[in-house]
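Input: a single structure, listed below in structure tokens.
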Amino acid sequence: MAAMLLKSLHTLESLDEPTAKWSVPLSDGNHVIEFEHGTATGRRLVKVDGEKIIYRDWMFHLVGDEVFTFNDNKFVIRIDPIQGLKYSYSLWVNGKPYKSFVRSQSKILETWLANVRNEEYRIVLDKQTQNVWVNGQQTETENEFTDDGAEILFTVGDLPASIRTHSSGQKNIGITYSLCIDEIEIGKETLLEEDADM
């Protein structure tokens, strides 16, 4: 009888969509965090890029935090009660609320999407460490100084690539970054829209 009740509660809670979903920009790319919260069974399921990270069933406390780490980053999903027996869900990354974290990432990461010989590449520069990531893998680089700044040299596929840095000459803008692959300049990708939080 209890097994049938459990099965019917799980069936009732089966959702086509997760309860909450966030896209988190990290150095190695954007990662999708999905959270499912069963308010009848207390079930909690956390997925990162479709892979189960946490699965708990029969949680008697329906509110509270779900804490996990991914790629050396600490994530906290907060479950808070709101009026009408409903719940709100918020994501914190490395101690910052989701939107603040995304804003700070947009200040330290430069991102480009490039199509090279019919293959898609996502190139990310971490401005704090000067590390370059190509399709989620940190790549080896060489640094050279130029007359008006510096260049970070690496390859994309088998083509030469460089990220050129130089001063914009404007205090409020600071240093600008441009990516060239085989001497062709690539446009930047916007990390996320401001209202992407659920």
* How far, in degrees from 0 to 90, does helix 98-108 lean away from the longest principal axis of the Cα atoms of the chain, to the nearest 10? -> 10
* the stretch 107-186 - share of DSSP beta bridges that are antiparallel (%, nearest 5) -> 100
* To do: List every residue whose amide H lies under 5 Å from the amide H of Val32, counting only residues 5 or more places away in sequence or on a different chain, with H placed 1.01 Å from N in the peptide plane.
  => Val24, Asp49
* Mean ellipticity per residue at 222 nm, deg cm²/dmol - from DSSP H runs of n ≥ 4 across the chain, formula -39500 (n - 2.57) -> -3500 deg cm²/dmol
* Set the Förster distance to 35 Å, then compute FRET efficiency between Val67 and Glu120 from the Cβ-Cβ distance, nearest 0.05. => 0.55
* Asked: Using a simple charge model, +1 on the beta-carbon of Lys and Arg, -1 on the beta-carbon of Asp and Glu, nothing else, what dipole does the chain show about its Cα centre, in debye to the nearest 20?
  -> 1160
* Nonlocal amide H pairs with Thr19, under 5 Å, H built at 1.01 Å -> Phe35, Glu36, His37
* To do: With everything on Cα atoms, drop me the angle between helix 2-13 and the longest principal axis of the chain, reported from 0 to 90° to the nearest 10.
  => 40
* Asked: Which FRET efficiency value, to the nearest 0.05, is calculated for Thr39 and Thr129 with the Förster distance at 45 angstrom and r the Cβ-Cβ distance?
  -> 0.60
* Any idea which of Thr139, Gly50, Tyr87 is furthest toward the positive side of the dipole for the chain, if Lys and Arg beta-carbons carry +1 and Asp and Glu beta-carbons -1? -> Tyr87
* **Solvent exposure ordering (accessible area, 1.4 Å, most first) of Glu183, Glu66, Glu17, Glu36** => Glu183, Glu17, Glu36, Glu66
* Under unit Cβ charges (Lys, Arg +1; Asp, Glu -1), what dipole magnitude, rounded to 20 debye, does the stretch 90-164 have relative to its Cα centre? -> 700
* **List Arg43, Arg164, ordered by accessible area with a 1.4 Å probe, largest first** => Arg164, Arg43
* To do: For Asp57, Asp65, write out the residues from largest to smallest accessible area, computed with a 1.4 angstrom probe and no ligands counted.
  => Asp65, Asp57
* Structure fact -> For the stretch 17-94, the dipole about the Cα centre with charges only on Cβ (Lys and Arg +1, Asp and Glu -1), to the nearest 20 debye, works out at 240
* **³J(HN,Hα) computed for each position of the stretch 109-122 - Karplus, 6.51 cos²θ - 1.76 cosθ + 1.60, integer Hz, glycine/proline x** => 10, 10, 10, 10, 10, 9, 9, 10, 6, 6, 10, 7, 10, 10
* Within straight cross-link reach of Lys171, meaning Cα distance under 28 Å, which lysines are found once same-chain residues fewer than 8 apart are removed? -> Lys96, Lys99, Lys107, Lys127, Lys188
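The values are calculated or read from the model by the stated rules, or taken from the named source; none is laboratory data. These numbers come from a predicted model, not from an experiment. Note that we place each Cβ from the backbone using ideal geometry, even for glycine, and neighbour counts take in every protein chain shown. Ligands, DNA and RNA are stripped out before the accessible areas are found, and what is left, the full protein with its side chains, is counted by its heavy atoms. Shrake-Rupley method; radii C 1.70, N 1.55, O 1.52, S 1.80 Å.
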